[in-house]
Structure formats: C-alpha cells, structure tokens
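The structure under discussion appears below in the form of structure tokens.
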Protein chains: 4
Amino acid sequence: MPGVHSLRWLNTARRVRPYLGGMKALVYNGPGLKSLEDRPMPALQAPGDAIVRILKTTICGTDLHILKGDVPTCTPGRILGHEGVGVVESVGAGVTAFHPGDHVLISCISSCGKCEYCRRGMYSHCATGGWILGNTIDGTQAEYVRIPHADTSLYPVPPGADEEALVMLSDILPTGFECGVLNGKVAPGSTVAIVGAGPIGLATLLTAQFYSPAQIILIDLDDARLEVARRFGATHTVNSSDGRAAEAVLALTSGRGVDVSIEAVGIPATFVLCQDIVAPGGIIANIGVHGHPAELHLERLWSHNIAITTRLVDTVSTPMLLKTVQSHQVDPARLITHRFKLDDVLQAYDTFAHAAETHALKVIIEA
Amino acid sequence: MPGVHSLRWLNTARRVRPYLGGMKALVYNGPGLKSLEDRPMPALQAPGDAIVRILKTTICGTDLHILKGDVPTCTPGRILGHEGVGVVESVGAGVTAFHPGDHVLISCISSCGKCEYCRRGMYSHCATGGWILGNTIDGTQAEYVRIPHADTSLYPVPPGADEEALVMLSDILPTGFECGVLNGKVAPGSTVAIVGAGPIGLATLLTAQFYSPAQIILIDLDDARLEVARRFGATHTVNSSDGRAAEAVLALTSGRGVDVSIEAVGIPATFVLCQDIVAPGGIIANIGVHGHPAELHLERLWSHNIAITTRLVDTVSTPMLLKTVQSHQVDPARLITHRFKLDDVLQAYDTFAHAAETHALKVIIEA
Amino acid sequence: MPGVHSLRWLNTARRVRPYLGGMKALVYNGPGLKSLEDRPMPALQAPGDAIVRILKTTICGTDLHILKGDVPTCTPGRILGHEGVGVVESVGAGVTAFHPGDHVLISCISSCGKCEYCRRGMYSHCATGGWILGNTIDGTQAEYVRIPHADTSLYPVPPGADEEALVMLSDILPTGFECGVLNGKVAPGSTVAIVGAGPIGLATLLTAQFYSPAQIILIDLDDARLEVARRFGATHTVNSSDGRAAEAVLALTSGRGVDVSIEAVGIPATFVLCQDIVAPGGIIANIGVHGHPAELHLERLWSHNIAITTRLVDTVSTPMLLKTVQSHQVDPARLITHRFKLDDVLQAYDTFAHAAETHALKVIIEA
Amino acid sequence: MPGVHSLRWLNTARRVRPYLGGMKALVYNGPGLKSLEDRPMPALQAPGDAIVRILKTTICGTDLHILKGDVPTCTPGRILGHEGVGVVESVGAGVTAFHPGDHVLISCISSCGKCEYCRRGMYSHCATGGWILGNTIDGTQAEYVRIPHADTSLYPVPPGADEEALVMLSDILPTGFECGVLNGKVAPGSTVAIVGAGPIGLATLLTAQFYSPAQIILIDLDDARLEVARRFGATHTVNSSDGRAAEAVLALTSGRGVDVSIEAVGIPATFVLCQDIVAPGGIIANIGVHGHPAELHLERLWSHNIAITTRLVDTVSTPMLLKTVQSHQVDPARLITHRFKLDDVLQAYDTFAHAAETHALKVIIEA
C-alpha cells in the first residue's frame, strides 16, 4: 500500500490537465442512459463555494436508483456522484476553513451551518443544502466538482490518512452509523439484527461494533454476502430465502427478539420482518430508501414500548468517524472490492450494478 | 369539598361490613354482559400480596373494550377495574412498605420490581405482573381487591391529598404523560398536536404543560370536547370532521408541521393523520390501543428523521406525578365530571359509555 | 407601551446621524475609568461581518467586573457591552441570512458555526468567536457595532416582538437557562435551590418554571431581592445572612436537600453552600464567574452520585427561548427596572452598580 | 481450565462441613487486627434473606481501609468481604427469584428494589441496603453469608460461566464501568485519561473499551502497573512520578486535554491532575474514595463547560456486564493474579496489601 500511495501522489504532481477548460464526467441522460462526457470545468458561484479536484470517488446504490428514473429531482444532464476525496482547487471569498491545496473529504450532504435544521444537527434538511450533489447540482464522478457551503461540507483529510478508505466516509459509513447504529442505540451487551448485508448493511455492521453488542445477526438472501458479514464481525447470519428468518432470529435470542432491528433494504417485506423480530423495549432503525408504504402492526406493537426511527444521513458524525478511522477502531477500506480509472467508469458501474455476480461492495474510481 | 371529605372519613370510620365474608363487585359476564354481584372477599395468596379496601375507583375506556369482547385475556366472571384509591386491609409476610390502615394509590400496572423488565422501568412487561388487574385477575370495581407485588404496585397517599383526584394517577394521567408527553419529548417552545380529546388526550394535554410548549393543538370530531380542551390549556383546536385537519395544523405551524404528534384514539386514520402533520425531526407518540395495522408512509417519511414510539403505560412516573399534584403543577380533578356510589355502578357505566351525550370524562365510583 | 413603540419607529425613520462618520460610545479607559466618547463608526472587516445600529442595549455585571480591572483580556479603549437589539445597517459579502433593515437580536457570544466547538453547540469556545463583544473587540454600548460571524451570531426579531424584552435574550436569559436550568436538569416535581437572587439568579428562576418543579427556593442576603423572587415565582425564600441557609433548605426538603442546586453568585462560600444542600443523586449547576478556587468536599460527596457542571453561556438555546417569549411562556421584560438614553449611560451605570439602593435589575439603554 | 472446573465441582459435591454449625471467617477485630476465626453459621432473619455458601471471594482495597480503621461504620467483630460467587443454601419466604442450589453472583450493593432510590437506579443509596455487606453486617470472606434483599441483590450465574471471573462483577468491574466509563460518557473516537492503574483503574480501562475511544491514557507512579495497562489496552501510559503528567497528557492530545478524565486514586493531588488535563466540554468522573476535600479550580473551570461526577457503584449495570462477559466483549479474569484457599486468607491479605512487590491485582479466595 505505501507504494500505491507514493505512486498516486506522483501522478498527482505530474498531472497534465487533459482538456483546456474541460473535464471528463459521468453524466445521467435520462432513465437507463449514462455516458462519460466532456464537460466544462465548474466555476465558483457563491462566496461559500469551493472547487475541488477529485482524487477518488465511488458509486452509491442511489446512483443506480437515479439511472432507473426513480429520483425525479435529478434531471437529465446531471453529473452524478456524491462521494469522494480531493484537493481544493479554489475557494470563494467567504470560505475561511479551507485553502487551495488542502486535501479534503467531501460530504454527501451539503450543510450551510446556519439554518435552523443545521443548528439542530439535521444537515440533511439544510434549507439550502442537504443531498444536492449529483442530484440537483453536478456531482463528484468527474475531474472537478463545485462544493457549496464548503466550510461546513468539507472535512480536512488528516495527515497520513488512507484517502481511499476515507471515500467511505462521504456517505456509506455515516449512513450506517447514524441511521442504524446511533438511532438504534446499540449498546454493550445488546442484541442487534441487520436486515440486508449489502454495502450499507455491512457499514452498519462495522460501526455497530464500536458499542460492543453481544450479538449482531445479519440477514440476507445471498450466502456470499453473509460470508462477508461473518468476516466483518457478524456473530450470526441468517439466509432469509426460506421465509423463516423471524423464527431463526427468535431462536437465537431465546425467543425474545432483538434489542435493535435495523432495516437496510428498503422494501415493505423487510420492514415487516424488523417488526417481527424486535423485542419489547427495542428499536427499529430504518436506513432503507423506501418507495412504498409499509404495514405497521400497531395491533401488536402498540403496547410493546418500541421506537421506530427514520433518517437520511446528516454526516454530523463525520468528525467522530474520522477519529475512529485514525485510531484504527474501524477500517472502512474493507468495504472496497474493486478499483477503476475514471476513464473506465462505465465498467465500474457495470461491476457495481451486478454485485450478485461480481461480489462488488464499493468500487473506487480514480479521477 | 371539605365537607365531602369529612363525611367520607366519617363513613369509613362507622363502616359496617355489608355481607358476612362477601362484597359487592362489578363482574364481566361475557361480551355485552355485566352485573353488580355479591362475591367472596379476596384473600392473600402470596407473601407479596395486600388486600386493599377500595375508597374510590373509576371506569376506563379499556373496560368498555372488555365489555365488547375485544380483550381475550379477560374471561367471563372477572371483576373489572384497574384504578383506585383505598385503605390497606391486610398484607402478606413479604410486604414491608405498607401496613394495614395505610391509604394507598393503586397502580393499574402490577410490578414485581425484580425481573429484567421491571429493572429497566418497563413495569408493563413485568414477568409476573403488568396489566393484570381487572384483566387476568379480579380488579378494583369492588369493595376489596387483592394487589400482588404490593410493595412495588401501591403508592402511599400523601397526607392531606385529594384522594379523589389521585384516582386519576392510577392510569390516565401516567398514560398521557408517559406514552404521550415523555415519549414525545415535549419541550419548551415546541409545537404539539394531540389527536383525540377524550379523557386520555386531555390527560396528555394537562401534563404536556409541564414542559411549556409554545403550541398545543387538540384535534377531535366533537366540539364539546374541544371546548373542554381550550379550558384545559389547548392553544388551538381543530375539528377534523371536514377531513382537512392536516391542512389546518400545517397552517397553524407555518407549513412545517408539529414537533410532537400524539395519537390518542387508536384507529388507522388518526395514526395516518399524525404522519401527515409531523415535521421533519419530529416524533409521533402513539397512545391509542389499536386493533388493526396502520399504513406507515415510509416512502415519504424514510428521510424525515422522525421517530414513532409505542408504549403501554408503565406507571414508572407515578412518584413524579404525585409530586406535581402535591405542588399544584397540575390538577387532575379537572378530569372528573360525575360521581356515583358503587351500588350505582351500572349507571356510572351508562354515563361513561355515552360520553357524547353526557359529556362524561372520568366518573368516580365510591365504594 | 404601544405608544412608546410607535414613537421609536418614528424616531428611527426620521433619524439624523448625530456626527459625520462618528458615533457615541461608552468606553473603558482602564480600571475605574469609563466615559461617553465620540468614536469612529465601525466598518466591515471580513465577509462575514455585519454593522448593526443599536436600538436598545443594557449593562451586565460583567461590565462592572471589567471596570474593576478584573478582566485582563479587555484593554483600555474598548467600547463595552455585549447585549442588544438593533437594525442591520450593512453586511459583508459572505452574509446570507441578514440584510440591511432587518431587526436583529445580538448574541453576547459570537459563533462561526464552523469550528469543532461550534458544531458541538459550544459556541462559547468558538475558535474565532466566543465572548469577544465588549471584551476583545468593541461592543454594543454605542450607536453602532460590528458583529463578526453575523449569520450565526444574530437572530431575527420576530414580527411584533417586544424588542426591549428581547434584550434580555442577548445574555442573561440564556445564561440562567443554559448554565442553570438545562445543566441542572430541572424536571417536573423536582426541588431546586438558586443561590443568589440578582439578575442572573432571577433569570434562572424565570426559566426554571418551564419545567414545573415542585419547589424553587431562592437564597440571598437581600430581603428586597427575595421579595422580587417571590413575585417571580419562587415557592420559598431564605435570607442567608444568619449563616443558617443550609439548615433552612434541609428543613424545606424533609432533610433530603434539593435535586438541583444552582450557584449564581461566584464566590467560594456560595459554592460550598450548594454542596451542603444538594441531595444524593442531585446536580450542582454553577453559573457564577469565580475568581478563586473553592473547596470541594469529596470526602463527603464522593459517594453521593452528584454532578457538578460549569459553563459559559453558549446562546445555543436562543431559538428555543425566542419561541417561549413569543408564546408567552416567559416574560423577560419583568427583569427590566430602569430605562435611560445612551446620553445618560453613565447614570445608567451608577443606577446598575448601586442595585442595593436602586433595586435595579436590568437597565435598558436606548441608543 | 476445564480440568480445574471439574475438580471444583467434584470438591463441592464431596464437601464435608468442617464444623458442626460453625464456619471459618475472616474477622475484623479493630484497627490493624484481623484473624481467621470459627463463627456460627448465619441464619435467615427476614423473608427476603438468602443464605449463600461461598465458592469464591476476593479482597477489595476497601477491606484494607477498614483494617486501617478508616471506616467507622464497620465495627470490631465484623466478618469482612463484599464480593463473591456462591450457591444458594436456603431462602426466606419472600424470595421468589432464587432457590437452594442456584449458583449466584453476589452484588457488593444490597438493594431492596422498592425504595425511591432503588427505583431511580441508585441502589447504593437504598434505604435499607447499599454497601452493608462486610461493613454493617457480616460479609463474604467466610464459608457462608446472609444476603438481605436476595431477589434484587443476587444475580444468576449463567450456565457455563467462568465463576471465578464473575467474582470481578461483584464490585470492581461495575465500579470502573459505572463510576468511570458511564459517568464519563466514553464515546467512539474520544480521548480518555485514567489516573491510577490499580485494580479499579484497570477495570475502568477494560470496560472503557466497550465504547471504542481513540486514546486511553493510563497514569500511575508504578511502571509495572503501566506495563499491565498497556497489555490491557491502554494506548498510552504516563509515569507521573516526575510531576509532569499534565504536560505529557496535553502533548498526547495536541494541547487540548482529554474528553474524559477519570480519577481512580482518591487523593487531592490526583483530583487536581484531572482538572489540569480535562478539555473544555469534558467530564471528570471520580471513582476514588476520598478522605479529604480537594481544591476545585473554579477560577479557571467555571467557563469550561465541564462536568464532575461522583458515585458509589450501584451495580445497576450488572445484567449488562454479565452479557458482555458471556459474549466475550471483556474478560474480567485478566484482573486475577493470585489464588488462595480460605484457610490461607491471611496470606492472601498480605499478598494483596503488598501489591507493589507482589504485583497483585485481584486475589481469589476459594472457600
């Protein structure tokens, strides 16, 4: 890995700008349509903006949703991507925390730091930010990106950090941690079930271990992912393809169910499963992006002293996560399975989209 | 009222036991069937038991549910009632906190104080207790009642207390406070909506004011109840009979919705209304007893950073509520609209069951 | 009061600038020395700055400390004052939340909203802010003031608000609320003692009532202040001049002591008194500005399950307090006893400094 | 270890009572005086009592304090000891959770489960319990012990548990966890300093790791103990014998100090050190048993947003700790350095009292 690192820095230093005033970018052109295109370089638009040269980015499951046409706020012509690590190229007059040349982690959530929601730590509901990158404004799957509210939406990369690993802190690690682990109040000695062993479920598994629960049960249809889950620290795994996952979880918990039941899929059936396995006094922490209503069994749960939480990641935990990575409490690089150059981003998409065959978790794209 | 009090004590002192070894009790005899019957006096069965002579009891909406046949755990022959204030008649060998002659408040929840749930403050899930009075064992709508786990299920009536008012602390006040106000995290300056202005909703309204919210909006179909709500401290009321309650609440909150949305009815429609009016970052606190599943609009709420809580009252807040009553922070006697003798308990049921006409909230029955 | 308000607005509209490019200001000229002087108008220095024309300001006990020479960070030549309400005159390029003409509440704490402390809600420790106004930069006892980090250090005055009352939200009300009430975890039914019935102690008393404690005991040497405390909602008062305050508090609490013991004086003796009256499981919340160490009786308290908290106000609760004022949960105008014009600011200082004779709490200075 | 276990069970089964109606016990006979004596077997005195035959017990630093005459509540003639694992021999009529033959963990704190303090989780302040074993009633350094409030003061030993390791859960592990780790709010990525690397400090170190802090700095005068600390997971150690420990801690934390500063010694100097190294916003969690007041530097700390907590262990976390031991999140047996028979208990005391030479942490005494 040290060799790889020095090579990367060498490349950076020798870098020749490929197009005069232009750059390569992965562009969404409507449902089912994407291409690697030449696009104009982004420019500063507001005093709080920064332009960041991307070093590494990645693809999120949400990008696939956009490509299916499921995200109406994202219109054709948009550069995708909301994750990445890069180097500050230029900053607006109002930016005080960053300077050109700073290596930075880009948060998937833009936060003004001023509005009522930002002050309450709900950056995802920022009045002028939230999830806008690669959604309502151009994103990070490009050579350069404009970052609004840079002071409160970028984080300095600590000296000596593994920058590739930090790409996992743009979205997936805080998502699993905030929406799953923190909302679920995972505690020492507690029992946890995570429904869904995809990248988000596995990021939840990694960060749940910060709190030393007694059991972490991963539930999925795919034995390969469950095998990964065991390597990542799951104490038990359940393949739910026989429709008897709830029974299996109850058997593992002396019939009581789990203290924390985390939904990391986003469909009604898995949300109902979470209701079937949560113990009285427990929490169902929803991470999944849902497209449909789900049935809530209040006729049973009304008296069970449970809580159900929902959340879009706020990335308010990013400083804490940076400290845990730097002190080796967690190694997010374990989520990275493939690496591509930006020129091969279409192949990266293919690999990521066919995870069942490729066993891809997160793919790194080097810009 | 002083005159009434002295009279009551006089009666108590002169009391002649009406039947040799027997007592009057309101008995559930199957769906739609109840009667005032002669029943044997209860006897101590375990070292932790106490026998309490009832001074005052009341009727709960749950009693009406039992009479409809909706509560299968309650079988014919059961004496109903889980609320009341009385005098300890005798105690088992293991009881140390109470002695014959002590005036006591009876909790609707029996708690052993020893099991894992009791230690976590979840008395409603006590392994050998919970809601058993007037459900799986004989209850308080009688001259005498056996109270299991007496040390941890009775509370001493403070000297000089209004005992009639304290009947409201057996169930209704802690229910509104714990399931609605505490679970909902009502806070100074916050906005609160309570769906349902029946006795439970009004008890929630009274105790929500402990935390000085900026707005408390009561929603109901009955203008008479909304009028009571305004007298009890609601800042706004909404009659939902036009099906536009959500619009009205949004208008009252600058389009944002409320921080705390409390369900105090128990049907799917009102639970959905709570979802329609909760602001991002808010809480839906369910109090209602539900007989059917409800639709949860995860397709909208998944990203709204909300929490939904359920709970059967634990009565863990009874000591705190006793202090607030004694210091006049709340006057639960405001919930009492009618008074009956135990001989007239059938009339009391009629009055309570036809609240729309009688405007009954809580009816006191003097044993 | 409406007449006064309309007059103020009229004045504002007709206002003629008194000096070309200059303004009146109260200047600290070294220990014991202050004067009303002509000073140059402040100018924008950074993109995040705003210039605010002061409508109303006030004097804080801290200003008297500065005049005694007790605050070495404040050097001669400094315009004093860190409280006030005004109108935005101009803003820097980076300010987005405020515009000229906006009526604003000035926080005594300047907060960048970006640094680690600001993100944790510890604005008082802001890397480039904190308490700087009237301390390390010129303050509000002047016709105009420069406010750094304006977007996160000013708050919009709600339409129709009593602007004079809002001056209490610059410092004194959040100080009592955050350092005393929130840190002390005042709760319904709890018992609270506040040592010191000066303006800060009384602001604590007003905001403690948000949480409906059963007892609030005010302790002071001055019977006049204790009389004010009773009017402001104290359930009991204790004059501590006989040295037996601890006994009196124990007598009022059945020998147990209080759940929350709030120090609002700032000397070792009152901090020790707080230790003498706190019940096991209780909290000592320090508000006072201390110049000397105090003895902590760990030989007794080590096993008492207590917490001691310290804090410089962060003004993180200002949005919440604004809501409570607007909804009439608290009326901070009750703290205002005298009113002066800026031309008479020296007289205002005299009145405030001799509170024992003048019974001054907070004095309003109209600029 | 399996061989050892089977041997122990064999011994138990074959056990012949050594004295008719009598037993061996370690008795405190006044300052400096202790002896192994024949004492009458304990008998049930109240319905809630249990008699427990001791399998394993240990010696606590508090026992040494008693022997110095520092604990006036403990009078000559007292059998010492408040830790241990044993077998229930007999129970009173009111005991429902345990039966003869049950293997049990004895809590150092007796809790009635009924009084106000017990209901608040403050078992150490139980009106009829608290720390009474080996203090105001006879203790566990004997063949048999009477346990009051058995249902809420004993815990079932899980099947297959390492009973010797569980002796650490009677006192030392919950003490470090509750008074240090929980009160200190140790969190992922945080920085922690523990002053004192004796058994309590090391138990704190073991349980602090439940929460994945970034740094745990152990401070002590003894290099041997610091070496143990490193083996137990300390990220850094500081020998404070040069009087420059505060400088060293600040150097390790970029000059900021630690988020959590835990006092595990009990003298004024170490408590002052904790004040010198705590960062703004941090917590000082006191575990040490103090005999003297300490100076609290309010002249510096008043504005630092810190909290200081004190606590006698409540053992309210015992169920959680049992789960963490059973799921191998922590191995408390690491604290055990020596093993003795009860006949050799005086030698055990010698070994424990001269820890600097013997490197003893916890010594197991087999009854």
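The values are calculated or read from the model by the stated rules, or taken from the named source; none is laboratory data. None of these values were measured; they are calculated from a predicted model. Reconstructed Cβ throughout: ideal geometry from the backbone, glycine too, with neighbour counts over all protein chains shown. For the accessible areas, the whole protein counts, side chains as well, though only heavy atoms, and no ligand, DNA or RNA atoms are used. Shrake-Rupley method; radii C 1.70, N 1.55, O 1.52, S 1.80 Å.
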- Query: When the convex hull of the Cα atoms of chain A is projected onto a plane and the area is averaged over all directions, what value comes out in nm²?
  - Reply: 18.0
- Task: Give me the accessible area per residue for the protein assembly as shown, probe 1.4 Å, as a whole number in Å².
- Result: 35
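Using 1/(1 + (r/R0)^6) with R0 = 56 angstrom and r between the beta carbons of D:SER35 and B:HIS328, what's the FRET efficiency to the nearest 0.05?
Working: r = 60 Å, r/R0 = 1.07.
Taking R0 as 56 Å, the efficiency between D:SER35 and B:HIS328 is 0.40.
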- Message: Could you tell me which residue out of A:GLY130, A:PRO159, A:ALA193 lies farthest along the dipole of the stretch A:113-228 toward its positive end? Charges go on the beta carbon: Lys and Arg +1, Asp and Glu -1, centred on the Cα centre.
- Response: A:GLY130
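Write down, largest first, the equivalent ellipsoid semi-axes of the protein assembly as shown in whole Å, where each equals the square root of 5 times an eigenvalue of the alpha-carbon gyration tensor. Walk me through the numbers before you get to the answer.
On the way: eigenvalues 491, 340, 291 Å².
Working through the eigenvalues yields semi-axes of 50, 41, 38 Å.
What translational diffusion coefficient, in µm²/s and rounded to a whole number, does the Stokes-Einstein relation yield for the stretch B:190-264 at 4 °C and a viscosity of 1.567 mPa s, taking the hydrodynamic radius as the Kirkwood radius over Cα pairs?
On the way: Rh = 11.9 Å.
Result for D is 109 µm²/s.
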- Task: Between D:THR128 and C:HIS65, with labels modelled 7 Å along Cα→Cβ, what's the label distance in nm to one decimal, could you check?
- Result: 5.0
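Scan chain A and hand back the longest stretch that contains none of the trypsin sites (Lys or Arg not before Pro) lying in DSSP loops with at most 13 other Cβ atoms within 10 Å. Could you put the intermediate results ahead of the total?
On the way: sites that count: A:ARG15, A:ARG244.
Looking at chain A, A:16-243 is the longest stretch - no exposed trypsin sites (Lys or Arg not before Pro) with at most 13 other Cβ atoms within 10 Å.
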- Along Cα→Cβ, 7 Å out, is where each label goes; now give me the distance between the ones at C:ASP242 and D:ASP242 in nm to one decimal. 5.8
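List the accessible area buried at the contact between A and B, summed over both sides and calculated with a 1.4 Å probe, in Å² to the nearest 100. Provide the component values of the computation, followed by the final result.
Numbers: alone 15490 and 15480 Å², together 27810 Å².
Approximately 3200 Å² gets buried when A meets B.
Can you tally the lysine pairs in chain A where the Cα-Cα distance is under 17 Å and the two residues are eight or more apart, or on different chains? Display every interim value, and only then the final one.
Values: A:LYS24/A:LYS34; A:LYS24/A:LYS56; A:LYS24/A:LYS341; A:LYS34/A:LYS68; A:LYS34/A:LYS341; A:LYS56/A:LYS341; A:LYS56/A:LYS362; A:LYS341/A:LYS362.
Total qualifying Lys-Lys pairs in chain A comes to 8.
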- Taking Cα atoms only, helix B:199-208 is inclined relative to the longest principal axis of chain B by an angle, in degrees rounded to 10, of 70
- Note on the structure: Of the stretch B:218-251, those with amide N under 12 Å from the point 7 Å along the Cα→Cβ vector of B:HIS359 are B:223-229, B:231
- Item | Taking all pairs of distinct alpha-carbon atoms in the stretch B:183-233, Kirkwood radius in angstrom | 10.8
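Under the 0.36 nm per residue contour assumption, what length would be gained going from the current alpha-carbon distance of A:SER254 and A:ASP223 to full extension? Kindly include the intermediate steps, with their values, before the conclusion.
Numbers: separation 31, 0.36 × 31 = 11.16 nm, distance 2.43 nm.
So the extension gain works out to 8.7 nm.
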- Task: Work out the mean other chain Cβ neighbour count within 10 Å for the residues of C:94-107 and drop it here as an integer.
- Result: 2
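Rounded to two decimals, what is Rg over Rh for the stretch D:285-344 when you use alpha-carbon atoms and the Kirkwood radius? Show your work: numbers first, answer last.
Details: Rg = 18.6 Å, Rh = 16.1 Å.
In the stretch D:285-344, Rg relative to Rh is 1.16.
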- Message: Compute the distance from the alpha-carbon center of the stretch D:68-102 to that of the stretch C:59-89, in whole Å.
- Response: 63
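State the volume of the convex hull built on the alpha-carbon positions of the stretch D:128-182, expressed per residue in Å³ and rounded to an integer. Walk me through the numbers before you get to the answer.
Details: hull volume 6.7 nm³, N = 55.
Residue-normalised Cα hull volume stands at 122 Å³.
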- Message: With just the Cα atoms defining each centre, how far is the stretch D:299-318 from the stretch B:146-185? Give it in Å.
- Response: 32
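Averaged across the residues of C:184-195, what count of C-beta atoms belonging to other chains lies within 10 Å of each residue's C-beta? Present the calculation step by step, with values, prior to reporting the outcome.
On the way: counts 0, 0, 0, 5, 15, 13, 4, 2, 0, 0, 0, 0.
Mean shielding count: 3.
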- the stretch B:32-153 - Debye-derived log10 I(q)/I(0), Cα point model, q = 0.09, 0.23 Å⁻¹: -0.23, -1.38
- Query: Just how far, in whole angstrom, is the stretch B:328-354 from the stretch A:215-256 if you go by their alpha carbon centroids?
  - Reply: 52
- When you take every Cα atom in the stretch A:69-216, what is the radius of gyration, and what is Dmax, the widest Cα pair distance, in Å? 16.7, 51
- Approximate spin-label separation A:HIS292-D:THR75, in nm, with each point projected 7 Å along Cα-to-Cβ: 7.5
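Counting only protein heavy atoms, what percent of the accessible surface of the stretch B:231-286 is carbon or sulfur at a 1.4 Å probe?
On the way: 1080 of 2020 Å².
Carbon and sulfur: 53 percent of the exposed surface of the stretch B:231-286.
For the stretch B:96-173, count all C-alpha to C-alpha pairs, find those more than 17 Å apart, and express that count as a whole percent of the total.
Working: 1408 of 3003 pairs.
Value for the stretch B:96-173 (Cα pairs over 17 Å): 47 percent.
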- Query: Once you wrap a convex hull around the alpha carbon atoms of the stretch B:75-139, what is its projected area averaged over all directions, in nm²?
  - Reply: 4.9
- Note on the structure: Shielding of C:307-317 by other chains, given as the mean Cβ count within 10 Å, works out to 5
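Assuming a ≥ b ≥ c are the square roots of the Cα gyration tensor eigenvalues, decide whether the stretch B:200-318 counts as rounded (a/c under 1.5), prolate (otherwise, with a/b larger than b/c) or oblate. Working shown, then result.
Values: a/c = 1.33, a/b = 1.12, b/c = 1.18.
Because its axes are fairly even, with a/c under 1.5, the stretch B:200-318 counts as rounded.
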- Note on the structure: Computed curve, the stretch D:72-111, Cα-only Debye sum without solvent term, log₁₀ I(q)/I(0) at 0.28, 0.34, 0.35 Å⁻¹, is -1.04, -1.17, -1.19
- Item | Shape box of the stretch A:226-277 [Cα atoms, principal axes, largest first, Å] | 27, 27, 22
